[in-house]
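Worksheet: one structure, shown below.
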């Protein structure tokens, strides 16, 4: 048995009657409901938390009439927070699912004045939405937009990796060997990339492949096929983080149900990121049947 010296700093000290132990300290009721000021600003639509920190440090934000420059300041939802001469309020969180059509770019604005996905969801709500990840101009399918910055960050974090399912149509038949290489890994300019699963789409021939991934790098699906000598003729994302485009026509949108939001948040809670390549479960109803491979429309 290891003997511990009385002056050993690592020793567990005995509890003495009359002394207060921090190990069992109760939460302070005065701190309940407090949130960081940068989070308040982000949820009010001012910008990201990093941008909010810059505004706070510059002295552009007041709380209850007082200029606040200290990063880490916490406020209550009922506090009077002003920026740019206007009082801010925390926005209600919105979650909008879009079935993206071709020829729309995934950005909030475009200097070249090309059509963006924001024009398709303009009537969804008054709050400002932001796309979660990106689909390139010629890629169609499931795209989530929200003003919930915390959830968006978790869904796009490389360590958490929201599951994505793509239906790719190629310029020629894909060999079984190349299908296996998509899973084992393909070397790209920015590092190796691999799919979790790759299979031929039911009754569609070997030119159509269903690809499941966790990574979200720029044009990664197209580049993986290009590295193997194929050209992607058509690419459609049929699932993102357990959300599908079922009963949602191309170019249309819908709000997520409360159940979908709860499942999404639960599945992608702020926990330790999973190891790269580790499998993850989709945020779907546990009583629902397992997901099917993409079928030809």
Of the residues that sit in the stretch 132-157 and are more than 9 Å from the chain's Cα centre (by Cα) and outside any loop (DSSP other than H, G, I, E, B), which one is modelled with the lowest pLDDT? 146
Which condition does residue 153 not pass, out of (1) in contact (Cβ under 8 Å) with a residue 12 or more places away in the chain; (2) surrounded by 14 or more Cβ atoms within 10 Å (Cβ to Cβ); (3) out of contact with any helix residue (DSSP H, G or I) (no Cβ under 6 Å at 6 or more places or on another chain), if it passes all the others? (1)
Filter the stretch 77-106 down to the residues that are within 23 Å of the chain's Cα centre (by Cα) and farther than 14 Å from residue 139 by Cα and list them by number. 90, 91, 92, 93, 94, 95, 96, 97
Determine whether the stretch 38-52 contains at least one residue that is modelled with pLDDT of 90 or more, surrounded by fewer than 19 Cβ atoms within 10 Å (Cβ to Cβ) and outside the structural domain of residue 144 (by TED's automatic domain parsing). no
Has the stretch 240-250 got at least one residue that is in a strand (DSSP E or B), within 14 Å of residue 140 (Cα to Cα) and either modelled with pLDDT under 95 or in contact with a strand residue (DSSP E or B) (Cβ under 9 Å, 6 or more places away or on another chain) (or both)? yes
So which residues in the stretch 82-116 are over 25 Å from residue 253 (Cα atoms) and in contact with a helix residue (DSSP H, G or I) (Cβ under 6 Å, 6 or more places away or on another chain), if there are any at all? none
In this structure, does residue 185 turn out to be in contact with a strand residue (DSSP E or B) (Cβ under 6 Å, 6 or more places away or on another chain), under 23 Å from residue 138 (Cα atoms) and at pLDDT 95 or above? no
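The values are calculated or read from the model by the stated rules, or taken from the named source; none is laboratory data. Because the structure is predicted, anything quoted here is derived from the model rather than measured. Positions of Cβ are backbone-derived with ideal geometry, glycine not excepted, and every protein chain shown enters the neighbour counts.
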